[in-house]
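Comments concern the structure below.
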Amino acid sequence: MSKTSTTARIRSDGKVVELRDDGTEHPFPDAPIEPMTPEAVEAAATADVNARPFSSDELQRAKRIPRVKTLRRSLGLTQEEFATRYHVPLGTLRDWEQGRTQPDQPARAYLMVIARDPQGVRHALERVDGVTRG
């Protein structure tokens, strides 16, 4: 496989130019890339053997598990905060996020509940712990 590199820079006037080996500049075309039709997008995606789209049957069979790191980040929590708030051992949370282990079925169910109602879970756990906050 051959590799080609293109060196470019933005001039002070905002124009993007290619820098050639001989030191000259060659402007890139101003024409925008032509948009693909939905059919062309589908054909291109199907042709990529490494990233072909799921069939509708494969999509139906796919597991719907909340990604722990994505969930935690969407809540704006650090690993320590998430682990403390939702009573998940910190080491377990780190193992899940780093792909060393996967949540078991009860943990997946718990994560799905947290994803649906994080404040409700938090308040329920606070009541269980005997801590009531307004």
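Annotations
- Tallying residues that are within 22 Å of Asp129 (Cα to Cα), assigned to a helix (DSSP H, G or I) and not aromatic (Phe, Trp, Tyr) within the range 97-118 yields 10.
- Number of the condition not met by Ala31 [criteria: (1) modelled with pLDDT under 85; (2) aliphatic (A, V, I, L, M); (3) over 30 Å from Val128 (Cβ atoms); (4) within 26 Å of the chain's Cα centre (by Cα)]: (4)
- Residue check for Thr37: more than 30 Å from Arg11 (Cα to Cα) and at pLDDT 95 or above: no
- For the range 89-96, the condition holds for no residue, the condition being that it is in contact with a Leu (Cβ under 7 Å, 6 or more places away or on another chain) and assigned to a loop (DSSP other than H, G, I, E, B).
- Scanning the range 34-57 for residues being over 21 Å from the mean Cα position of the chain (by Cα) and under 30 Å from Asp117 (Cβ atoms) gives a total of 1.
- Inside the range 72-82, residues that are in a helix (DSSP H, G or I) and more than 13 Å from Arg122 (Cβ to Cβ) make up a count of 5.
- Test result for Gln60, within 17 Å of the chain's Cα centre (by Cα) and modelled with pLDDT under 95: no
- Entirely in the range 3-71, the strands (runs of 3 or more DSSP E) that have 2 or more residues that are surrounded by 10 or more Cβ atoms within 10 Å (Cβ to Cβ) and of a type in the set (Val, Ile, Thr): 16-19
The values are calculated or read from the model by the stated rules, or taken from the named source; none is laboratory data. As the structure is a prediction and not an experimental result, all values here were calculated from the model. Methodologically, a virtual Cβ is constructed for each residue, glycine included, from the backbone with ideal geometry; neighbour enumeration extends over all protein chains shown.
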